[in-house]
Amino acid sequence: MKKISVIISALLLSTFIYAQNATRLPVMDVHVHVSKINPERAGGQMCPWYLSDMPGADPNDSMEDIYSFMNGDCLDPWPAAKSDEELKNEIVRRIREMNLTMVCFGDAGVIRSWMADVPEGRIIPGISPGNLTVEQFRDSLESGFYKYMSEVAPQYQGMSPSDMSLDPYFAVAEELGIPAGIHMGTGGNGITNVTGSKFRASLGDPFLLEDLLVRHPKLKICVQHAGYPMIEHMIALMGANAYVYVDISGMIFSYPLDDVHAYIKRLVQAGFGKRIMYGTDFFSYPRMIEGCMSLIENARYLGEDQKRDILFNNAARFFRLDKSYFDWPEAD
């Protein structure tokens, strides 16, 4: 009798867990960086929303001093995965338990490894031109594996997104109907000082996309990081170009929360709630996924329909996906 009771209890528990999953509404993270674990970052910790202000620094300060948030000196830091296997397991578990879809770009081998352990369609691969020739880039997109041109980040090379050297790549994406994700705006506090890169804040101005959009009128683009903090130019660009969406990755864990909420709220007030997509800018910290998601789920200025749009519906439309494919129990 005791054995039967245990079996019944187990069945009830599994039914309860399944019921939770069955009612979990889908979420799509459109900005996930995929790479092998950096040994220098393995086992480290990160403090989310580390800036209540924008601290200054001194040229004699070390990167650790400027990027103190990486030290994990806060109440509830996010630990980094210690190995590639641990990271994969954490990602796969979240995809299954949270009805999550990820748009991933970076190491193709790691992407394929993740894809092998999750339901079909739950990872959407992307590719950046990087050092590829135009012909190699075309071949990659024509293979059918990649669905997104991302992350294109000319701002870090001191270039405008409308620079003519990039134009042939955008032409290929436009021809093949592949949307493009372009880094605009934020690079993180002190990014130019820390990296010594050619990064220029002025090259994150959303208006710099206009020439590109004129040359490629059928190209659908996502302004990654929503052009933060250049809100008025972002709104003006979106108003003039119906094929421009934004993602809110990066900014939602690395800038003062009040300002991040104000930025998202302003986009919604301007009428673009149907073109804001959720993204994390994920890199090696598994708890970043639910941490960033909670910012939208708990935003009091957003209605439930608006949250669903940002967390899933807008991305499904941007990538031309059949939303019914992401309903449970198929995802289980």
For segment 255-273, pairs from a residue that is hydrophobic (A, V, I, L, M, F, W, C) to a residue that is assigned to a loop (DSSP other than H, G, I, E, B) and surrounded by fewer than 14 Cβ atoms within 10 Å (Cβ to Cβ), with Cβ under 9 Å and 6 or more apart or across chains, are Leu257/Ser52; Ile264/Tyr301; Val268/Tyr301
For segment 178-192, the count of residues that are assigned to a loop (DSSP other than H, G, I, E, B) and either free of Cβ contacts under 8 Å to residues at least 12 places away in the same chain or crowded, with 17+ Cβ neighbours inside 10 Å (or both) equals 8
For segment 323-330, indicate whether the set of residues that are over 29 Å from Glu210 (Cβ atoms) and buried (at least 19 other Cβ atoms within 10 Å of the Cβ) is non-empty. yes
Counting only residues that are out of contact with any helix residue (DSSP H, G or I) (no Cβ under 6 Å at 6 or more places or on another chain) and hydrophobic (A, V, I, L, M, F, W, C), segment 247-286 contains a total of 6
Considering residues that are in contact (Cβ under 8 Å) with a residue 12 or more places away in the chain and either crowded, with 19+ Cβ neighbours inside 10 Å or under 29 Å from Asn131 (Cα atoms) (or both), the number found within segment 100-121 is 15
Whether any residue in segment 242-258 is over 15 Å from His183 (Cα atoms), out of contact with any Lys or Arg (no Cβ under 7 Å at 6 or more places or on another chain) and at pLDDT 95 or above is what I want to check.
yes
Checked pairs for segment 224-250, first within 15 Å of Val268 (Cβ to Cβ), second charged (D, E, K, R) and part of a helix (DSSP H, G or I), C-beta under 7 Å and 6 or more apart or across chains, list as Ile231/Arg266; Met238/Arg275; Tyr245/Arg275; Val246/Arg275
Residue set Glu151, Glu142, Glu97; condition without any contact (Cβ under 8 Å) to a residue 60 or more places away in the chain and not small (Gly, Ala, Ser); output residue Glu142
Picked from segment 122-139 (must be in contact with a Cys (Cβ under 9 Å, 6 or more places away or on another chain) and touching a residue at least 24 places away in the same chain (Cβ under 8 Å)), the residue nearest to Leu166 (Cα to Cα) is Gly126
Counting only residues in segment 273-288 that are aliphatic (A, V, I, L, M) and surrounded by 22 or more Cβ atoms within 10 Å (Cβ to Cβ), the one farthest from Leu237 (Cα to Cα) is identified as Met277
In segment 153-195, anything at pLDDT 95 or above, over 20 Å from Ala226 (Cα atoms) and of a type in the set (A, V, I, L, M, F, W, C) is listed as Met164, Leu166, Ala171, Val172, Ala173, Leu176
Filter segment 27-60 for residues that are out of contact with any Gly (no Cβ under 8 Å at 6 or more places or on another chain), part of a loop (DSSP other than H, G, I, E, B) and surrounded by 15 or more Cβ atoms within 10 Å (Cβ to Cβ); the one that is modelled with the highest pLDDT is Ile37
Exactly one of Met234, Met277 is under 19 Å from the mean Cα position of the chain (by Cα), more than 25 Å from Ser165 (Cβ to Cβ) and not charged (D, E, K, R), and that one is Met277
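The values are calculated or read from the model by the stated rules, or taken from the named source; none is laboratory data. All values derive from a computational prediction rather than experimental measurement. When we count neighbours, we look across all protein chains shown, and the Cβ atoms used for this are built from the backbone with ideal geometry, even at glycine.
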